[in-house]
Every structure is written in structure tokens, then in C-alpha cells.
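Have a look at the structure below, then the notes.
Each value in this text was obtained by applying a stated rule to the coordinates, not by laboratory testing. If you're wondering where the values come from, they're calculated on a predicted model, not measured in any experiment. Glycine also receives a Cβ, built like all others from the backbone with ideal geometry; neighbour counts cover every protein chain displayed.
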Amino acid sequence: MVEDEPPVPSRIFISYRREESLGFVRALLGPLQSHFGRHQISKDTDNIPPGENFVEVIERELESCKVLLVMIGREWMTIQDVRTGKRRVDNPDDTIRIEVTAALRNVKITVIPVLVDGVEMPRAEDLPADLAELGGLNA
């Protein structure tokens, strides 16, 4: 590697909805950390300090990542915002949507859907336009 080149991103970022996938993330975290190293795995609660701007921290975290694992459970598409009564995935400010769309826009990041609890892959036509590409990825 030439000294002037930035380091190659190598970390793994885990994107998930706590309400439905936290148990699966916890089960996956140990083996990932054992295999790749503890500091190579990133998830929101471990890497976002209180008081920090969520979007800015996520964008910085993703710059150091090579892979984004999108944990998709039974309610990933249907969990509703209690304030609006609409699907959270349809809200452009939804944290999961922010994480996944930022990764999809970054050609250096491989986005891998991880289907948990027997869920089927979301179809592109059921996703907001900026997430539609996710529906065509191999899980």
C-alpha cells in the first residue's frame, strides 16, 4: 500500500430494528467478533455516543465499513411509527432507512440482506425508491 492512500475499509456494520432483531444480532455478534475481531464489527448502540448527530456518525461509521449487514425480520417492513401510524421504512428520517440508503449509495460497501426468523426477501416494488435496490440483492 502506498503511504498517501487512505486505508481500505474493512469493518462490518450491522443495521437492524431493535424491536424485532436484537436477539438475532446478539447471537451473530459473538461469532463475528471472534472471527473478524471485536473492533471490526460496528452497530449503533456500540458506536454512537450520546449527544452525537446520528446521521453524521452513521455516515462516518459507514466510511470505514466494507460490508453492511441488513438484518430483516418479520416486521422490518411493517413496523409503524407510533406518531404517524405509517410504516417507519416509508419515513426518509427512519434510522434504518438512512443507514441502508447511505450504504447502497457507497460503491465501496457490499450490502448483504440477512433474513431472520423465516422472513422472505422484501420485493423492490414494496420498498421506497431509495431502498428498491435492496430488493434485488442476494440474501
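Taking 0.36 nm per residue of separation and subtracting the current Cα-Cα distance, fully stretching the chain between L22 and T78 would add 18.5 nm. In summary, the lysines within cross-link reach of K43, defined as a Cα separation below 24 angstrom excluding same-chain residues under 8 places away, comprise K66, K108. Compared with the dominant Cα axis of the chain, that is its longest principal axis, helix 54-63 is turned about 50°.
For the pair V107 and F36, label points projected 7 Å from Cα toward Cβ lie 2.2 nm apart. Among T84, T101, T110, which one shows the highest mean-square fluctuation when the chain is modelled as a Gaussian network with alpha-carbon springs under 10 Å? In this elastic network of the chain, the residue with the biggest mean-square fluctuation among T84, T101, T110 is T84.
Taking amide H positions as modeled 1.01 Å from N, with prolines and chain starts lacking one, the residues under 5 Å from S42 and 5 or more places away or on another chain are I12, F13, I14.
Zone of D90 (label point 7 Å along Cα→Cβ, backbone N under 17 Å): which residues in region 47-75? In region 47-75, the label zone of D90 (backbone N under 17 Å from the point 7 Å along Cα→Cβ) covers 75. The C-alpha atoms of the chain define a longest principal axis, and helix 18-36 lies at about 20 degrees to it.
Mean projection of the Cα convex hull over all viewing directions, computed for region 29-96: 5.9 nm². Legend: translational diffusion of the chain by Stokes-Einstein, Rh = Kirkwood radius over C-alpha pairs, 20 °C, 1.002 mPa s; D = 137 µm²/s.
For the pair region 18-78 / region 80-94, the C-alpha centres are spaced 20 Å from each other.
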